[in-house]
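The values are calculated or read from the model by the stated rules, or taken from the named source; none is laboratory data. Quick caveat, the model's predicted, so the values are computed rather than measured. Positions of Cβ are backbone-derived with ideal geometry, glycine not excepted, and every protein chain shown enters the neighbour counts.
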Amino acid sequence: MIRFLREQGARWLLLLAGCEFTLLVLTMIVALHVRYWNEPGSIALHSEYLFVRALLFAGVLIGAMAALGLYQPRLRESWFGMFARQLVGFVFGWIAVAMLYYVIPQLYIGRGVLGLAMLIGFPTLLVFRAVFMRLVDVEALKRRVLVIGSGRRAAMVTQRMRRRVDRRGFNLVGFMPMPGETLAVPENEVVDVGESLAAYAQRMGINEIVVGPDDRRGQLPMEQLLECRQLGIAVIDLITFFERELGKVKLGLIEPSWLVFSAGFDATPLRRFSKRAFDVVTALIVLLLSWPLMLGAVIAIRLESGRGAPILYRQERVGERGRPFPLIKFRSMRTDAEKDGVARWATAGDDRVTRVGRFIRKVRIDELPQLWNVLRGDMSLIGPRPERPQFVAELAQKIRYYELRHCVKPGLAGWAQLNYPYGATEEDAAEKLKYDIFYVKNHNLMLDLMILIQTVEIVIFRRGAR
């Protein structure tokens, strides 16, 4: 997870989560002493396993807030929105903690202490987060970045990262022009080094150099860059910088050589085993928790469509290495939705969707039968969404590197679904591919877990479904 946060340019998120976890642990301890402030005997009695209880309390609440999207690197939300997310997270966390305390009686600490911990913890975290977010935006705490180049490629830094939230992890010192380049960046952001690059970097406190000239052939000051590396200054290329800061791969910049020599694409036996174990265990847990919803969906579809109408819908999709498989869903469209045999994208307000189907699509209940696909091994819990063969054949011809998304099993949830709304055009498919390739390159167990937790936010706020 540390590696992922570093690649995302959001190391501050790890610090934020760690600080809030510590505050919640302390909150539980304080709540116990407030509840029994004049009863030393009760304090001593309830202090047994107190630290374990506090760790459980803090862990569950942090998980609930993560599920509500409060640890996203680029969360764009008003303060009221943050308040609402934290409030819902605390409510869900309180329910989960209460259930765990009853399941494991040895960890039970009492409703009074738990209630006080919630009452103390909520405003404490709210104030701390407000202060922390202001500190994160303090320039002195950001990485200082110098971009080598001032042409078309280098200008993408300012064009694609205008908003403050996109630059939360770094401070752009300026652009160092290269000979023969046509200036494409603001003149006031061009810097005149006037000395060796290493000396300038030391004097200006540069932490990282991003290499982004329009033409690298024989132009780069390699000796000076090597000197900077020896001083502990990071040197990365422009594509890697965008990948880390934006969480996606810029398709217009990459070449096959970058994909070949860059880190990632972990397909070792250990990674495949950990991913499969994660899929099976999590799918079984979700099935155990969601069977009442699935039963309700079966009854609702039967009541709306009547006897004889199918409950499930099977559709061929493209899986790992391009192999087709039958994807299973609850039927959410009319039985004659594609009677002419032509595959169509689902659109907003699609009149083929039934009344029950509109609801189960919004809350993602229609996708729960895909847990069977996960258990069968056709799909993974996390990965690129599987597309229909007709769409894949068409998109693979029009979008470069589209086949890369089939390096891993398709997923029930995914990185692209978290970062981009439902796509129904070729342009949407190209944009989502940037996130899919990022996932294919960087997937690991902690990233899968983070995506799974934040998918809960999509379901709760009903984002992206059609």
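In table form, for the structure just shown:
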{"read-out": "Given (1) touching a helix residue (DSSP H, G or I) at 6+ places or on another chain (Cβ under 6 Å); (2) not assigned by TED's automatic domain parsing to the domain that holds L412, number of the condition F242 does not satisfy", "value": "(1)"}
{"read-out": "Flag for D436 being assigned to a helix (DSSP H, G or I), within 30 Å of E304 (Cα to Cα) and touching a Lys or Arg at 6+ places or on another chain (Cβ under 6 Å)", "value": "no"}
{"read-out": "Residues that are at pLDDT 95 or above and assigned to a loop (DSSP other than H, G, I, E, B), drawn from segment 312-335", "value": "G319, R323"}
{"read-out": "Test set (1) assigned to a helix (DSSP H, G or I); (2) in contact (Cβ under 8 Å) with a residue 24 or more places away in the chain - V210 fails condition number", "value": "(1)"}
{"read-out": "Condition broken by R352, with the remaining ones in (1) charged (D, E, K, R); (2) within 18 Å of the chain's Cα centre (by Cα); (3) surrounded by fewer than 17 Cβ atoms within 10 Å (Cβ to Cβ) satisfied", "value": "(2)"}
{"read-out": "Hits in segment 213-238 - residues which are in contact (Cβ under 8 Å) with a residue 24 or more places away in the chain, of a type in the set (A, V, I, L, M) and part of a helix (DSSP H, G or I)", "value": "L225, L238"}
{"read-out": "Among the residues listed as R153, R129, R134, the single one being over 30 Å from G89 (Cβ atoms), part of a helix (DSSP H, G or I) and within 29 Å of the chain's Cα centre (by Cα)", "value": "R153"}
{"read-out": "Filter result for M450 (surrounded by fewer than 17 Cβ atoms within 10 Å (Cβ to Cβ), modelled with pLDDT under 85 and closer than 28 Å to S274 by Cα)", "value": "no"}
{"read-out": "Leading residue by the ranking (modelled with the lowest pLDDT) among those in segment 106-151 that are among the charged types (D, E, K, R) and under 27 Å from M82 (Cα atoms)", "value": "E139"}
{"read-out": "Unique residue being under 30 Å from Q72 (Cβ atoms), assigned to a helix (DSSP H, G or I) and in contact with a strand residue (DSSP E or B) (Cβ under 6 Å, 6 or more places away or on another chain) when the list is F175, F241, F273, F278", "value": "F241"}
{"read-out": "Selected residue (only one of V131, V191, V157 is surrounded by fewer than 17 Cβ atoms within 10 Å (Cβ to Cβ) and in contact with a strand residue (DSSP E or B) (Cβ under 7 Å, 6 or more places away or on another chain))", "value": "V191"}
{"read-out": "Unmet requirement for Y36, which otherwise passes all of (1) out of contact with any Lys or Arg (no Cβ under 9 Å at 6 or more places or on another chain); (2) aromatic (F, W, Y); (3) at pLDDT below 85", "value": "(3)"}
{"read-out": "Residue that is at pLDDT 85 or above and over 23 Å from G18 (Cβ atoms), where the choices are V103, V91", "value": "V91"}
{"read-out": "Search result, residues across segment 266-290 that are closer than 20 Å to E367 by Cβ and exposed (fewer than 10 other Cβ atoms within 10 Å of the Cβ)", "value": "L288, L289"}
{"read-out": "Selected residue (criterion: surrounded by the fewest Cβ atoms within 10 Å (Cβ to Cβ)) from residues of segment 194-226 that are charged (D, E, K, R) and over 13 Å from L172 (Cβ atoms)", "value": "R217"}
{"read-out": "Flag for Y422 being among the hydroxyl-bearing types (S, T, Y), in contact (Cβ under 8 Å) with a residue 40 or more places away in the chain, assigned to a helix (DSSP H, G or I) and closer than 24 Å to A66 by Cβ", "value": "no"}
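So that you can scan it fast, the table gives a plain yes or no per residue for (1) farther than 30 Å from G357 by Cβ; (2) out of contact with any Cys (no Cβ under 8 Å at 6 or more places or on another chain); (3) in contact (Cβ under 8 Å) with a residue 40 or more places away in the chain:
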position: P256; (1), (2), (3): yes, yes, no
position: V280; (1), (2), (3): no, yes, yes
position: I285; (1), (2), (3): no, yes, no
position: V298; (1), (2), (3): no, yes, no
